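Undergrad: Structure below; questions to follow.
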Ligand SMILES: [Zn+2]
């Protein structure tokens, strides 16, 4: 591995790779670090490269944490309606059973009434 950011390698470049950093506007600094800023690759200085690298790491970690939290919330949300559905099913079954019982009772009553009529 050659030294990409110091030594004889950069002396061949214009002004030994020195210039003005587009991020911190520092002049006479080595701008040898390529970073994507707003989708375009730009050469920036060592310090801005480090800060941007840290920012990107933090953003990635924040994204991961946000995804984890979102997944956990989704799981919670998915669990809650399922429980409610089960309760609803039980309620519906209870209601249906109650309806059946009332229907049966009504039928019995009708039959009894018919019997009474026959007896008369
Ligand atoms: Zn800079």
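Coordinate-derived values only; no laboratory data. A quick note: this is a predicted structure, and the numbers were derived from the prediction, not measured. Glycine gets a Cβ as well: all are built from the backbone with ideal geometry, and neighbour counts include every protein chain shown.
Undergrad: Mind listing whichever residues of region 7-43 are touching a strand residue (DSSP E or B) at 6+ places or on another chain (Cβ under 7 Å), surrounded by 10 or more Cβ atoms within 10 Å (Cβ to Cβ) and within 19 Å of residue 56 (Cβ to Cβ)?
TA: Across region 7-43, the qualifying residues are 21, 22, 23, 31, 32, 33, 34, 35, 42, 43.
Undergrad: Now, a different point. Can you pull out the residues in region 28-65 that are away from the ligand (no atom under 15 Å from the Cβ) and assigned to a loop (DSSP other than H, G, I, E, B)?
TA: Passing the criteria: 38, 39.
Undergrad: Of everything in region 5-25 that's touching a helix residue (DSSP H, G or I) at 6+ places or on another chain (Cβ under 8 Å) and part of a loop (DSSP other than H, G, I, E, B), which residue is farthest from the ligand (Cβ to nearest atom)?
TA: Across region 5-25, the extreme among qualifying residues is 5.
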